[in-house]
Structures are given as structure tokens and as C-alpha cells.
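Data block below; observations after.
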Amino acid sequence: MTRVVSRHPSTGLTVEVLGSLDALAAAKPDYERLQALTGNTLPFALHDWHLTWCRHFLIANPHIESTMMIHVLRNQNRECVGVVPLIATRRRIGPVNISSVDLLGADPAITEIRGVMVEPGYESRAAWAVQRELQRRGAFSWVQWNGISGVFGETLAIGGELQWHDPLLDYVLDLPPTWEELRARMKRNLRESVRHCYNSLKRDGHAFELRVVLEADEIAGALDRFFALHAERANLTGTVQHPDHFKSAVSRRFLRDVCASMAERGVLRIFQLCIGDRIVATRLGFVVGNSLYLYYSGYDPEWSKYGVMTTTLVEAVKYAISQGFATVNLSPGTDVSKTRWAPRVVPFARATQVAASPLSRIAWNLYSLARTRGFTSRRLSRFAPAAAAKAV
């Protein structure tokens, strides 16, 4: 299946379901239109991210097969008014086949925020059309709606019984015109922490430089250093644990490819804190719209006493202000390194729609158990595509 078109007269929308990489590649103008209309600031909703993700993370093995089922919605003028990037997954457990649907992003925490892009004013009709298209296509044991919000999510709840989970909390820092204004509104403990980071380096005679990698010929080397520092941070003991999200070969290949694609569009920023000729800390960033999204990071443990990761963050924020960006997205996940900036909290709703059949409910319970236990059981791990992706 490459492209299937269905009409939903009651909503006034046509739904095209894209099932191949070629069909998704051809949809780039539709993504670009929605990017302009919605004001999206998340890299995970961009065409480059979705296309590269499908190239690397779709799974095909005897136990798990995942396929594209990306819904492109059009109005009566054939204009794209929504993209709902769904992935269908079939799991084989003995003689039983279990099918489910997720929003694109079932990976080892690489896609931090999943979601949809819908033109304002079409949210309710888009939700109805997608719900009915899923019903028309047949029996899915469950649908996971991770990243829905607003009218789209409210309409989904009307069209089907949803089990709501704790929302994903994203932290967004609204920027004033100058660093001095932002510093003035900081809490005292943050100001003191920033002062300590800068003064400790200066006291010990260390001058630093922030490098922002933009050029295509520098990206490969910058990512090599990122992978090394990210792994070093993950291996630290006696502090807050940070998993190595790029331990697997497939995750590293994906990041290299998506960063190369983003760099061509001028979206990628790789921040490097350099002391002498040594890169002691790094953080990836993506410029989407008028916002800087700060992605994963890493640092050299030998320099941890200087708070080099805090300094890198401060310098990235200063960079965003100097470029005239409206916001810095500190990424999801509640920890003091984000909350002490007093950012705006943006919740992304998460819900599951489980089919009424007993088999579906049993399958969902087993899947939930597998997720909770971290895929420790070989048999239970067949329920989870992310687990398979980690092993590649």
C-alpha cells in the first residue's frame, strides 16, 4: 500500500493514508503548508524527522512488523489541513496476531514529543475523520494517542472511550529582548549557580568559548564528540542517572541522518563549550519557527565541578536571545535544571483507546506490563517495537 484515499462527507474532509516512503517523501509540500499555518515549533513534527524516522525505525521481523499509516487530511479545495502520523504495529504471539496503532515516535526516547499538525479551525473535523478511518480499516486492539491536546483530543474522547494517562510536561522559556532582562527575573538560586559556573572557571584560569556548529562538513565530527560525551554522562555514578539514548547503532544512524537533513534546512545547531582545544560539553538544538529546541546533551565528567553543562545551557539561551528567538524549549522531563528557570509548562495529553473485545483488553494489559517491567521478559518484549529498535 502506498496511498489510499477515503472520503468522509460528514466532515467535509478527504483522508489519504500514506503507506510508503515514496508517498511520504512526496508529502513534503503538505508538511510545509501546515508548518506555516500552525506555527509549529517542535522538530519532531517536521517532514525531515518523520521521513528519516520511518527509514530507520520501522520494524519487520517474525514477531513484530510496523508499517506507515500516515493520515493526510484535505478540505474540499484539496488543501492539506492536517497530518496525523500514525504507525500500525502487528505483533505475533504464537498463533495470535495483535494489531495496534501509535503516533509516530515509538523509539528509545529519541522522539521526545509526539503529536499531530492540524490547521486551526479543523481540529474537531480532523479528529472525527481519523477516528472513522480507523474504524473503517478494521480491528485494532488499541490506539495510543500520545501528544494530543486541545480540541483534537477532546473530540477523540467523544468519538471513543479513552483511558487518560499522566500528561507529558514540556518546559518552555519565554525570552525577553535582552539577557540582562532575563537575568533580572531569575530566582536567586539560579543567579548564584550561573555566577559560580562562570567564576569557578575564571578563578582557575580557564577561558571558554561557545562554538555553534552549522556547517555540513563539521557535523559528523561534532556528532562523534556528542555521542562520546553523552555516553560519559550516562555512565556517571553517584548522581542523577541519564540513560544513553544513542547506545544502539540504529539510534546513532538515525541521528546522523536527521541532523544532516536538518542542517540542509538551516534547522540544526550543535552547541559546544570549548576550553582550549577540548570540547568539554555539548548540546544539540533545533531552530523551528521562532523557537530554539534544546535536545540531548553530554559533558566530560572531569569538568563537572565547574558546572559546564549549566554554562552551555546559559550560553545557548544567550545565543537564542541574540538571534531574536521568542522561546527556548528546554524539553520535557521535570528536573531542577529546567524548573529553576521558571519556564512555562506545556502539557501534552496522553490516552489509550482500547477495543471492547476481551482479547484486546488482555493484550493491552500484557503490553502495559511489558512496558512497566522494562521488557525484561523475552516473550513480553515482543509487544514493544521500541524494545526491538534498541537491539538493532
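The values are calculated or read from the model by the stated rules, or taken from the named source; none is laboratory data. This is a predicted model, so every value here is computed, not measured. Cβ: placed from backbone, ideal geometry, glycine included. Neighbour counts: every protein chain shown.
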Condition first: buried (at least 23 other Cβ atoms within 10 Å of the Cβ) and either of a type in the set (Gly, Ala, Ser) or at pLDDT below 95 (or both). Now tell me which residues in the range 264-284 satisfy that. ALA281
In the range 336-357, what residues are exposed (fewer than 12 other Cβ atoms within 10 Å of the Cβ) and more than 28 Å from THR155 (Cβ to Cβ)? VAL336
What pairs come out if I take residues in the range 1-30 that are more than 17 Å from SER66 (Cα to Cα) and pair them with residues that are among the aromatic types (Phe, Trp, Tyr) whose C-beta lies under 8 Å away, six or more apart or interchain? HIS8/TRP128; SER10/TRP128; THR11/TRP128; LEU13/TYR122
Of all residues in the range 266-312, which are among the hydroxyl-bearing types (Ser, Thr, Tyr) and either closer than 26 Å to THR38 by Cβ or under 15 Å from the mean Cα position of the chain (by Cα) (or both)? SER291, TYR293, TYR295, TYR296, SER297
Could you say whether any residue in the range 98-105 is touching a strand residue (DSSP E or B) at 6+ places or on another chain (Cβ under 8 Å), at positive phi and of a type in the set (Gly, Ala, Ser)? yes
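Specify which of the listed residues (LEU214, LEU190) is in the same structural domain as GLY276 (by TED's automatic domain parsing), at pLDDT below 95 and hydrophobic (A, V, I, L, M, F, W, C). Spell out the reasoning first.
Working: LEU190 fails: at pLDDT below 95.
Selected residue: LEU214, the only one of LEU214, LEU190 that is in the same structural domain as GLY276 (by TED's automatic domain parsing), at pLDDT below 95 and hydrophobic (A, V, I, L, M, F, W, C).
Every residue, every condition in (1) out of contact with any Lys or Arg (no Cβ under 9 Å at 6 or more places or on another chain); (2) in a loop (DSSP other than H, G, I, E, B); (3) at pLDDT 90 or above, yes or no:
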site: TRP341; (1), (2), (3): no, yes, yes
site: VAL345; (1), (2), (3): yes, no, yes
site: ALA349; (1), (2), (3): yes, no, yes
site: ALA356; (1), (2), (3): yes, yes, no
site: SER360; (1), (2), (3): yes, no, no
site: ALA363; (1), (2), (3): no, no, no
site: LEU369; (1), (2), (3): yes, no, no
site: THR376; (1), (2), (3): yes, yes, no
For LEU86: the one exception among (1) in a strand (DSSP E or B); (2) under 29 Å from VAL345 (Cβ atoms); (3) out of contact with any strand residue (DSSP E or B) (no Cβ under 6 Å at 6 or more places or on another chain): (3)
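Only one residue in SER251, SER297, SER304 is outside any strand (DSSP E or B) and crowded, with 17+ Cβ neighbours inside 10 Å. Which one? Talk me through it step by step, then tell me what you get.
Numbers: SER297 fails: outside any strand (DSSP E or B); SER304 fails: crowded, with 17+ Cβ neighbours inside 10 Å.
None of the others qualify; the one that does is SER251.
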So the check is Cβ under 7 Å with 6+ separation or different chains; which pairs have a first residue in the range 189-200 that's of a type in the set (A, V, I, L, M) and a second one that's assigned to a helix (DSSP H, G or I)? VAL194/THR310; VAL194/VAL314
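Checking the conditions here, which among ARG7, ARG3 is within 18 Å of VAL118 (Cα to Cα), modelled with pLDDT under 95 and either of a type outside the set (Phe, Trp, Tyr) or crowded, with 17+ Cβ neighbours inside 10 Å (or both)? Spell out the reasoning first.
Values: ARG3 fails: within 18 Å of VAL118 (Cα to Cα).
Just one listed residue meets the conditions, ARG7.
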Condition broken by GLY333, with the remaining ones in (1) surrounded by fewer than 17 Cβ atoms within 10 Å (Cβ to Cβ); (2) farther than 30 Å from HIS206 by Cα; (3) in the same structural domain as ASP224 (by TED's automatic domain parsing) satisfied: (3)
Taking the range 88-129 and keeping residues without any contact (Cβ under 8 Å) to a residue 24 or more places away in the chain and either buried (at least 22 other Cβ atoms within 10 Å of the Cβ) or within 23 Å of ALA355 (Cα to Cα) (or both) leaves GLY94, PRO95, ASN97
Tabulated pairs, the range 242-262, first within 11 Å of ALA109 (Cβ to Cβ), second assigned to a loop (DSSP other than H, G, I, E, B), C-beta under 7 angstrom, 6+ apart or interchain: HIS245/PRO108; HIS245/ALA109; HIS245/ILE110; SER251/PRO108; SER251/ILE110; SER251/HIS245
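Based on this model, can you work out whether VAL151 counts as assigned to a helix (DSSP H, G or I) and touching a His at 6+ places or on another chain (Cβ under 6 Å)? Even if it seems obvious, please write down each step before you answer.
Numbers: assigned to a helix (DSSP H, G or I): yes; touching a His at 6+ places or on another chain (Cβ under 6 Å): no.
In short, no.
So which of LEU46, LEU34, LEU13, LEU42 is among the hydrophobic types (A, V, I, L, M, F, W, C), outside the structural domain of ALA260 (by TED's automatic domain parsing), farther than 15 Å from ILE87 by Cα and over 21 Å from the mean Cα position of the chain (by Cα)? If you could, list the steps in order and put the result at the bottom.
Values: LEU46 fails: over 21 Å from the mean Cα position of the chain (by Cα); LEU34 fails: over 21 Å from the mean Cα position of the chain (by Cα); LEU42 fails: over 21 Å from the mean Cα position of the chain (by Cα).
From the options LEU46, LEU34, LEU13, LEU42, the qualifying one is LEU13.
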Odd one out for ASN75, checked against (1) polar (S, T, N, Q); (2) modelled with pLDDT of 95 or more; (3) crowded, with 19+ Cβ neighbours inside 10 Å: (3)
